Amino acid sequence: AGRSQKPEPGDRLAFMVGDKKDQEITPADLLVGAVPTLAYPLDPATGKVLVSRVNLLTVVKLKAEDIQPSSQKNAADGIVAFSAICTHYGCPITTLHPSQSQIVCNCHGSVFNAADRGVVTTGPATRRLAMLPLAIKDGALVVAGKFDGPLGPPT
Ligand code: FES
């Protein structure tokens, strides 16, 4: 029996693009106010990056005081991760809102509150982003659970 091709507890995260493409993301790589980091899960047993559309994640570090009680258990040292597939028409979510606690889809301007389970604060999207629970274990950023909701646009 192989592992699922979706993110699983214990997975690490890897950069999707850039100088560190396919390398593990550490807590120190993420800064409050930085552009969201696009990531894929990384299976620590094989070192394999699980590249697929449904595994694409958008990861941001928030100010601790901004994180709502709804999201605290899924955050690790202020870091939160969501499915990066916009629930409107599926564009990747790549932009930080000036509030620094919300994230924006550039295709049609939907805004999601990263500090509150990815709920929609500005449409046209109507469904929140699925959140992927994170934890820090022995200094590493790890996946701590499964996506907490459906991915992508409602069908
Ligand atoms: Fe994201 Fe339309 S695809 S707002």
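Annotations
- Just one of the listed residues (Leu141, Leu129) is within 20 Å of Pro9 (Cα to Cα), at pLDDT 95 or above and in a loop (DSSP other than H, G, I, E, B), namely Leu129.
- In the set (1) touching a residue at least 12 places away in the same chain (Cβ under 8 Å); (2) in a loop (DSSP other than H, G, I, E, B); (3) away from the ligand (no atom under 13 Å from the Cβ), the condition left unmet by Val54 is number (2).
- Filtered residues of segment 67-78 (kept if under 15 Å from Ala144 (Cβ atoms) and not in a loop (DSSP other than H, G, I, E, B)): Ser71, Gln72, Ala76
- Residue in segment 57-66 that is touching a residue at least 60 places away in the same chain (Cβ under 8 Å), outside any strand (DSSP E or B) and either in contact with a helix residue (DSSP H, G or I) (Cβ under 8 Å, 6 or more places away or on another chain) or within 27 Å of Pro153 (Cβ to Cβ) (or both) present: no
- Counting only residues that are closer than 17 Å to Leu30 by Cα and touching a helix residue (DSSP H, G or I) at 6+ places or on another chain (Cβ under 9 Å), segment 100-155 holds 8 of them.
- Scanning segment 27-39 for residues that are part of a strand (DSSP E or B) and either of a type in the set (Gly, Ala, Ser) or surrounded by fewer than 22 Cβ atoms within 10 Å (Cβ to Cβ) (or both) turns up Leu38, Ala39.
- Whichever residue in segment 79-117 is in a loop (DSSP other than H, G, I, E, B) and within 12 Å of the chain's Cα centre (by Cα) and, among such residues, is nearest to the ligand (Cβ to nearest atom): Cys86
- Scope segment 73-84; condition closer than 17 Å to Gln102 by Cβ and either surrounded by fewer than 15 Cβ atoms within 10 Å (Cβ to Cβ) or of a type outside the set (S, T, N, Q) (or both); matching residues: Ala75, Gly78, Ile79, Val80, Ala81, Phe82, Ala84
- Residues in segment 88-102 that are within 20 Å of Gly18 (Cα to Cα) and touching a Gly at 6+ places or on another chain (Cβ under 8 Å): Leu96 alone.
The values are calculated or read from the model by the stated rules, or taken from the named source; none is laboratory data. Since the structure is predicted, the reported quantities are computational estimates derived from the model, not experimental observations. Cβ: placed from backbone, ideal geometry, glycine included. Neighbour counts: every protein chain shown.
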